[in-house]
Each structure stands twice: as structure tokens, then as C-alpha cells.
Amino acid sequence: MFQLENLVRPNIKALKAYSSARDEFSGDAKVFLDANENSLGSPLTKWYNRYPDPHQLAVKKALTGVKGISAEHIFLGNGSDECIDLLYRCFCEPGKDNAIICPPTYGMYEVSANINDIQLKRAPLLPDFQLDLVHIETLIDAHTKLIWICSPNNPTGNSLNREDIETVLNNFNGIVVIDEAYINFAQQKSFIQELAEYPNLVVLQTFSKAWGLAALRLGMAFASTAIIEIMNKVKPPYNINQATQELALKALEEVGQVNDMIKLLVDMREALIEVFEAMPTVEKVYPSDANFILVKIKDARKIYEFLLTKGIVLRDRSTVQLCEDCLRITVGTEKENTILIDAMQDWYDHQTNC
């Protein structure tokens, strides 16, 4: 049976979180003389001399209308990477506990585990890029605290079978993290609405992809109030700056525009898939539910290096398990996509004439 109390690190249980004066009152204050700020303002604007809302209440309130979930279930991080790091720090004791990843997958799960001295166990995806449930089960032991599942997956682009994810949620007494960074580009339903059914579930999303706000570094975690309270206890007091909060609020007023961009990117993704499937050097274009495609192609590394000489940067995944000879290609603007396709044709013409 899932017992959150048994998963939290003892030092985190005993931790007394940093508390500012602004944590200790509610309502509208007229005079702020608590935080040793520069009361005269700043060279930029008179507003940025004050510390931002440590709880990001306005952003969370706006998110409730978009995500259909109450603010108590929302954590905002300095990018999803902060959420990933916090989950390790809250629940995994360094040198003792372990977590499971399913490669090929997002690299920061491993980087953050190494930073926090957490053992990682690997249950590679099956050849069809789906979960190997039997392998996952064999890896779980008394010290397994987290299982990371990325769906749609990076770098493969596919969505993982929902029934398989539910099997993991129903049979693991630790925390299952579903990273839905690319969920807006997929047909599958988010797991956010399943939080009440699965107390061990954490869902990650981001403003970096569909919202087009990668430079702001704003990630979201959705979980039970108990898990959110623990993450809030450990995070820095002012982890989301004022400018990011303001711009996020403006973006949340433009849901229609975001949906239009998502549709356009999906249309361009499908068009790009058709073009690559017709290229003679391409062996396979994998199905994608993201804003990128994974292409298996002859001489992938050489093509990657050739494109660099043209000022075109892709992601070479050719040395990654199950992604041999593969390039990961983000859906660009129409102009960028055309430049890429023309450069690929140059490569093919050069090879043909040699």
C-alpha cells in the first residue's frame, strides 16, 4: 500500500522550511518593510525592487481554469528541471535509495540522479518504444522511491500505452512521475485528472514547448496536496521571478492563440514526416506525438556534421540505445523546415555524384 510518510527522507520530515514575513500574513499590505529590499526602486522599473510572490498565487489561479485542477495541487518550478531535482531531494536518500528510468528518455532524470547521488536502474523500452513492465517489476526493491515515465517520450516522440502506465501506478508503492512536456501535441489524455485516483502520481508539464516560453524557465508539477506541500517545503523561497510570473499570466490569457500554434505545428510535423519518408537515405520516420520527429537515416552522424557546416543544428541520437543512426528533428518554422530539406537534398546530390 502506498504510504507517502514512508517515502519522505527523514531530514526532510524534520526540516523547518524557510519562512518570510510574506508567508505569515494574508491580504493586501500597504507598506513592506520586512525583506530589506531597496525601497527606492531599480534602474529597470519601480516594481522589480520587491521580491516576487513566493507562492505564485496569481499564476496558479489562472492555471486552475486552464488545467481544471485546484491551486493546491500545483507546484511551479524554475523549469521542469527544478521539479525533477526536488523530487529526488524530497524522497531519495543519497547513497541509499534508487530510481528507475526507461531509456531512451529525457537525460535530466539521470543527470539529476547523479548530482544527488541516487542509484539509477534502467528498464529499457521495448523495440516498439513501449514500457517493459516485466523488467520494471524485477528492478523494484525496498529502496526504489521513484519511477520516471516520459509520455510522449523524448527522444522517440511516441506516447506510451496508457494501460501500461496505469499498471505501474497500481502496482508500485513509490512515486510514479509522468513527464508530459509534449502532451499538448498528442491525442492522448493527460493524467492530471487522475490525481484523485492515484496518490502516488506526479505529473510534470512545462511552458517551454506548446506555450513557446522556453526562455522563461517555468515548469509545472501536479500532485496530491501532500506531495505539493513537501515540494514547497524544500524549494527556495522565491524560485519563480517576478518577470516570469507576469509573462506567464499574459500567456494564460491567450489560450486560443496557443491552440492555433499547436495545430499549425502538428500540421507541419505531418508534412515534414511525409517529406522525410520520401527521401532515399531515410530508413524510417517514427510516429510522433510531439513537436519533433525521430528519423532513422543512413550515415546519420555524417549528415549531422554536414548540416552543422550549413549552420543547421539537429540532435544526434545515433549513439543512444534503440536510436542507432537516428536524428531528432524539431519542427521549425516553414522557412527553417525548407532550409533543412534543401540542405538534405544537397547532401544526397553530393553523395550521388561522388
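Tabulated results
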quantity: Which numbered condition residue 37 misses (of (1) closer than 25 Å to residue 216 by Cα; (2) free of Cβ contacts under 8 Å to residues at least 24 places away in the same chain; (3) in contact with a Ser or Thr (Cβ under 8 Å, 6 or more places away or on another chain); (4) not polar (S, T, N, Q)); calculated: (3)
quantity: Residue match in region 318-336 (condition: surrounded by 19 or more Cβ atoms within 10 Å (Cβ to Cβ), in contact (Cβ under 8 Å) with a residue 24 or more places away in the chain and part of a loop (DSSP other than H, G, I, E, B)); calculated: yes
quantity: Filter result for residue 145 (closer than 18 Å to residue 76 by Cα, under 20 Å from the mean Cα position of the chain (by Cα) and modelled with pLDDT of 95 or more); calculated: no
quantity: Boolean, residue 48 is more than 20 Å from residue 249 (Cβ to Cβ), assigned to a helix (DSSP H, G or I) and among the aromatic types (Phe, Trp, Tyr); calculated: no
quantity: Those residues of region 204-241 which are surrounded by 17 or more Cβ atoms within 10 Å (Cβ to Cβ) and charged (D, E, K, R), in sequence order; calculated: 209, 217, 235
quantity: Residue check, residue 113 touching a residue at least 40 places away in the same chain (Cβ under 8 Å), among the small types (Gly, Ala, Ser) and either assigned by TED's automatic domain parsing to the domain that holds residue 236 or closer than 30 Å to residue 130 by Cβ (or both); calculated: no
quantity: Hits in region 293-325 (condition: polar (S, T, N, Q) and more than 20 Å from residue 129 (Cα to Cα)); calculated: 309
quantity: Pair list, Cβ < 6 Å and 6+ apart or interchain, from region 129-155 residues that are in a helix (DSSP H, G or I) to residues that are of a type in the set (Gly, Ala, Ser) and modelled with pLDDT of 95 or more; calculated: 135/123; 136/123; 139/123
quantity: Enumerated strands (runs of 3 or more DSSP E) restricted to region 62-123, each holding at least 1 residues that are buried (at least 22 other Cβ atoms within 10 Å of the Cβ); calculated: 74-77, 98-101
quantity: Residues of region 170-198 classified as at pLDDT 95 or above, part of a loop (DSSP other than H, G, I, E, B) and in contact with a helix residue (DSSP H, G or I) (Cβ under 7 Å, 6 or more places away or on another chain), total; calculated: 4
quantity: Filter result for the condition that a residue is modelled with pLDDT under 80 and either out of contact with any Pro (no Cβ under 8 Å at 6 or more places or on another chain) or not basic (Lys, Arg) (or both), over 24, 37; calculated: 24
quantity: Filter result (out of contact with any strand residue (DSSP E or B) (no Cβ under 7 Å at 6 or more places or on another chain), in a helix (DSSP H, G or I) and either farther than 18 Å from residue 352 by Cβ or in the same structural domain as residue 155 (by TED's automatic domain parsing) (or both)) within region 296-313; calculated: 305, 308, 309
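The values are calculated or read from the model by the stated rules, or taken from the named source; none is laboratory data. Small disclaimer: the values here were computed from a predicted structure and weren't measured. A quick note on method: Cβ atoms are made from the backbone with ideal geometry, for glycine too, and the neighbour counts reach across all protein chains shown.
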